[in-house]
Amino acid sequence: MSAKERFYVTTPIYYPSDNLHIGHAYTTTVADSLARWHRFAGREVYFVTGSDEHGQKIQRAAAAKGVTPKEYVDVIVASFKDLWEKLNITYDDFVRTTDDRHTKAVQAVFQKIYEKGDIYKSAYEGWYCTPCETFWLESRLEDGKCPDCHRPVEWVKEESYFFRLSKYADRLLKHIEEHPEFIQPETRRNEMVNFIKSGLEDLCISRTTFDWGIPVPSDERHVVYVWFDALTNYLTALGYPEQTELLDRFWPADLHLVGKEIMRFHTIVWPIMLMALDLPLPKTVFGHGWLLFDSDKMSKSKGNVVDPIALMAEFGVDPIRYFLLREISFGQDGNFSRRALIERTNADLANDLGNLLNRTLSMLNRYCAGVVPQPAGELKEIDQDLISYASGLAEKVDGLIKELKINEALASIWRLVGRANKYVDERAPWNLAKLEDKGELGTVMYNLVETLRVVALLVKSFIPETGAKIWAQLGLEGLESCTLADAAWGLLQPGTQTRKGDPIFPRIEVEKEAPEPVQEKQEKPEQPKIEKAAPAAPEGVLIGIEDFMKCELVVAEVLAAERIQGADKLLKLQVDVGSEKRQIVAGIALHYKPEELVGRRIIVVKNLKPAKLRGELSQGMLLAATAPDGHLEIVSVSAAIPAGSKVK
Ligand code: MSP
């Protein structure tokens, strides 16, 4: 039997100098989704994250609060673990650099490299950026400031140990050349190659002007430089310096996921440490982009950090996970905005996926008493088309995930969801249900439920709660033990009793365009202006006629209608409401072709506050009725009633 494939993935270990923001949650969500996917695909996975607790930055932050560094980090590290739990992160190990096991690993690494002759004692005199914990040559500064964070640097002069980076430059360049997969994406590889070619200085790897760190073995006046300490965590997690079974199984790491600003440490310092230790290099270091807020990097000092806990409390976990994974092209910078989050949730989760589940199970209840029927009769081309796309999808997604094309993997799953929604409209089960022979209805309903089963399996690594909810509504069990092979077409058993539940993603209504509310703005913004619409009045609650009369309903004639690029569900209508012409954006594109609407007299709410949908102004709302299976019809009157007539 061939050995199982393995996958060791790591995130950077975060500084507990402050609470984590959505940018940190991004890296960890990506790592978690990859780990979950590879486990699902039957691979042996080890997933490590942690906290980088030493260094001058933390020591100063603790002193400012009047507590010891350990007291300071203990509180913040607890909040990291709480965040990861809320975000459903399934790490196998969490390395704290204050763990004893880590101290042992770092001291062993230092000692081994020292004995090899690649560490020597000298004195450092130069610039240091404390927020980045980075030494800088004067020539690399920008306007005298740190080129990474643009904050002031400090002049440092102290006795230090140095690591002979320069000795290994050629060997590293050769490795990069021979292993194009080592540094990804390619743009980062080019940056790193240029950096190395511009000349590597030996690196200062100990400090003596403060003591919050791991003591250098046999010279305890020095503490190990925080990056030398932190990078070692990837070995600590496997039990180094002991020759453990974990180390045998999982080293070299398959993937270090890091933000682009810390690529130098991971693709130059870390590989050279490993070369000096005679250990193999990680297979891939992937430098992802930043999550920007209004095109600017999030940072506490700019007051534009977005708190993931608050977002999850408002929107739920899976919308946040989905947004991070789908919206941002992995490797490039991406923008976070509340509006984009709401639009993504509504479009992909509520409308596409949620609606497919809801309408499929409603129809199944109505036509088949909620029981999965036996497919019967010959397959039509439309059926074949759906089945062949769904059948090849698991393998396709696996390929994309291996190439780290996460957003493309999700897009390919959502293409199946889109096809299935279209399939409902094309195959119109409500018409098939009227036929005496129910064979074709059985085939169509089976295909829809089976599509949802495949989708649940394929999405569960990315949005785990959603996968589980769909699975439960389909009446299935044993999701945890399913593997990629279970995503093959046709494994759904006819006779399965489904259990339709509440919609899995209620739509979030957006009423107004507004500035983005952010957490901790230094000057408090006015009330956030994106509001959720008031929920529909609960059934059975009576309103007075005066409430109803507040609603100005009129007949409007549709003058023109067109699709909106990039919004599959929306149509833009120009209507005449009697007194004036208006533009209305309506979510009816799956139910009406634009040309079907021109000339119709529809009913609109004329005094609704204007809103923008996908950047298009909507000045009113049309009335329509939706059947439980999702079939939608616009309310309209005959040409005998002129535009502008009141409706009451
Ligand atoms: N402690 C070091 C890492 C040591 S790893 C051996 C460190 N910590 S950090 O807390 O400052 O940042 C860690 C990582 O957070 C960044 O590399 C990046 O992966 C992630 N991000 C921080 N802000 C981010 C965004 N705005 N967007 C995306 N990722 C961001 O550096």
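Brief remarks on what is shown
- Which numbered condition A561 fails, given (1) assigned to a strand (DSSP E or B); (2) at pLDDT below 85; (3) among the small types (G, A, S): (2)
- Evaluated against (1) more than 10 Å from the ligand (Cβ to nearest atom); (2) within 30 Å of H21 (Cβ to Cβ); (3) buried (at least 21 other Cβ atoms within 10 Å of the Cβ), L257 falls short on exactly one condition, (1).
- Within segment 364-403, the set of residues being more than 23 Å from R415 (Cα to Cα) and not in a loop (DSSP other than H, G, I, E, B) comprises N365, R366, Y367, C368, V371.
- Under the condition of being surrounded by fewer than 16 Cβ atoms within 10 Å (Cβ to Cβ) and closer than 16 Å to R427 by Cα, the residues counted in segment 367-384 number 8.
- Positions within segment 1-32 being more than 23 Å from V305 (Cα to Cα) and of a type in the set (G, A, S), in sequence order: S2, A3
- For S206, the conditions (1) away from the ligand (no atom under 14 Å from the Cβ); (2) farther than 25 Å from P131 by Cα; (3) crowded, with 23+ Cβ neighbours inside 10 Å are fulfilled apart from (2).
- Segment 289-316: number of residues that are touching a Lys or Arg at 6+ places or on another chain (Cβ under 7 Å), under 26 Å from W414 (Cβ atoms) and not small (G, A, S): 2
- Here V193 fulfils each of the conditions (1) in contact (Cβ under 8 Å) with a residue 24 or more places away in the chain; (2) away from the ligand (no atom under 15 Å from the Cβ); (3) among the β-branched types (V, I, T) apart from (1).
- One residue alone among A61, A41 is without any contact (Cβ under 8 Å) to a residue 60 or more places away in the chain and either more than 17 Å from F286 (Cα to Cα) or among the acidic types (D, E) (or both), and that residue is A61.
- Residue pairs meeting the criteria (Cβ under 8 Å; at least 6 apart or on separate chains; first in contact (Cβ under 8 Å) with a residue 24 or more places away in the chain, in segment 348-371; second charged (D, E, K, R) and part of a helix (DSSP H, G or I)): D348/R326; L349/D318
- Residue match in segment 156-173 (condition: in contact with a Leu (Cβ under 9 Å, 6 or more places away or on another chain), part of a strand (DSSP E or B) and under 16 Å from I205 (Cβ atoms)): yes
- Qualifying residue in segment 315-338 (condition: closer than 30 Å to T232 by Cβ, more than 12 Å from the ligand (Cβ to nearest atom) and surrounded by fewer than 18 Cβ atoms within 10 Å (Cβ to Cβ)): no
- Taking segment 297-314 as the range and being under 19 Å from I262 (Cβ atoms) and either assigned to a strand (DSSP E or B) or away from the ligand (no atom under 11 Å from the Cβ) (or both) as the test, the residues that pass are K297, S301.
- The set of residues in segment 612-642 being over 21 Å from I564 (Cα atoms) and part of a strand (DSSP E or B) consists of A625, T626, S636, V637.
- Count of segment 591-611 residues which are outside any loop (DSSP other than H, G, I, E, B) and either exposed (fewer than 15 other Cβ atoms within 10 Å of the Cβ) or hydroxyl-bearing (S, T, Y) (or both): 2
- Selection over segment 281-296 of residues that are within 15 Å of the chain's Cα centre (by Cα) and away from the ligand (no atom under 12 Å from the Cβ) gives a count of 0.
- Counting only strands (runs of 3 or more DSSP E) that sit wholly inside segment 1-112, those with at least 1 residues that are of a type in the set (G, A, S) and within 14 Å of the ligand (Cβ to nearest atom) are 44-51.
The values are calculated or read from the model by the stated rules, or taken from the named source; none is laboratory data. None of these values were measured; they are calculated from a predicted model. Reconstructed Cβ throughout: ideal geometry from the backbone, glycine too, with neighbour counts over all protein chains shown.
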